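Structure record follows, encoded as structure tokens.
Just so it is clear, none of the values below were taken in a lab; they were calculated from the coordinates. Values in this document were obtained by computation on a predicted structure and should not be read as measured data. A quick note on method: Cβ atoms are made from the backbone with ideal geometry, for glycine too, and the neighbour counts reach across all protein chains shown.
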């Protein structure tokens with residue numbers, strides 16, 4: 001079985017793509033592939049293999065892994081997940097964004113799909129989580145850890161999250177030769193048929209064309225930072241979250257400019 005690996009920052013569209021594949025009956029790995037990658041607990045994992053390596057490196061590299069972290073025993077164990085199975089499956093993990101060479105070393109025929117979202121909207125969406133009462137911030141951090149994550153911690157959480165966006169997505173650009181698709185969030189939401197058909201056609205080696213109505217346009221919320229919004233992520237359905245009354249104020253013009261200055265040069269390169 002061939003792995004289609006979704007990567008990208010949290011809140012960048014990887015869950016939307018997973019839900020589309022679920023709805024059409026494709027093989028989908030649950031949640032964020034904890035059963036494959038052992039990435040639990042998420043920010044300081046202990047499971048095999050990525051948590052084992054995280055503990056071995058002593059957090060000196062954040063969540064970053066590369067091809068040299070793979071040995072023969074690990075390769076055999078990890079490839080056994082897909083042995084004697086046909087077709088393909090989709091799984092998504094934001095932590096894979098800083099592990100592209102590691103994934104390709106384990107699964108040379110994997111297809112890497114990188115979701116990229118406008119950084120102002122993406123940073124605001126993460127900012128909501130970062131500032132919520134149950135956000136799960138750990139040691140001043142929330143989200144994927146690039147190798148230099150401790151150096152990025154700021155009193156200003158908007159600046160910190162913009163630096164996080166930049167340094168995590170820099171891995172996509174650095175390893176672009178290993179990335180099969182760069183998937184702009186806003187384009188996936190407005191024309192999912194185009195991108196889903198492209199991915200399936202590529203994986204299956206034959207043109208796949210389906211009725212555009214099979215994948216209706218998806219509501220997206222890239223303007224939340226202008227108006228403010230609930231801490232609730234629009235792709236979540238848990239009652240305890242949906243009942244939340246917490247509201248996050250919109251970004252100020254100064255905060256928007258801060259994110260633009262830090263992130264937009266990289267974003268423009270990624271979607272070019």
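Answer with a single label: of [x] 21.6, 64; [y] 31.2, 94; [z] 18.2, 55, which was calculated as Rg and Dmax of the Cα atoms in Å from the structure in view? It is the value labelled [z]. Contact order, relative form, for segment 29-123: 28 percent (alpha carbon pairs under 8 Å, 6 or more residues apart, mean separation divided by residue count).
Secondary-structure-derived ellipticity at 222 nm for the chain, considering helices only, amounts to -12000 deg cm²/dmol, per-run term -39500 (n - 2.57) for DSSP H runs with n ≥ 4.
Ordering 164, 188, 53 by the number of other Cβ atoms within 10 Å of each residue's own Cβ, fewest first, gives 53, 188, 164.
Between the beta carbons of residue 261 and residue 19, assuming R0 = 35 Å, the FRET efficiency works out to 0.55 to the nearest 0.05.
Short-range pairs are left out: with C-alpha atoms under 8 Å and at least six residues apart, the relative contact order of the chain is 23 percent.
Under 12 Å from a label point set 7 Å out along the Cα-to-Cβ vector of residue 56, no amide N atom of segment 84-106 is found.
Placing R0 at 22 angstrom, the Cβ-Cβ distance between residue 27 and residue 76 gives a FRET efficiency of 0.50 after rounding to 0.05. The modelled label-to-label distance for the pair residue 221/residue 84, using points 7 Å beyond Cα in the direction of Cβ, is 4.5 nm. If I take R0 = 51 Å and measure r between the Cβ atoms of residue 207 and residue 247 in this structure, what FRET efficiency does the formula 1/(1 + (r/R0)^6) give, to the nearest 0.05? Efficiency at R0 = 51 Å is approximately 0.65. Modelled spin-label separation between residue 153 and residue 139, with each label point placed 7 Å from Cα along the Cα-to-Cβ direction: 0.8 nm. When 181, 220, 251 are sorted by how many other C-beta atoms sit within 10 angstrom of their C-beta, beginning with the fewest, the order is 181, 220, 251.
From a point 7 Å beyond the Cα of residue 66 in the direction of its Cβ, which residues of segment 85-110 have a backbone N at a distance under 19 Å? What the label zone holds, given the 19 Å backbone N cut-off, is 95-108. Put in order of Cβ neighbour count within 10 Å, fewest first, the listed residues 124, 202 become 202, 124. Highest mean packing first, where packing is the average number of other Cβ atoms within 10 Å per residue, the peptides 137-150, 78-91 line up as 137-150, 78-91. Result for the chain in a Gaussian network model with C-alpha springs under 10 Å: among 126, 176, 103, the largest mean-square fluctuation is at 176.
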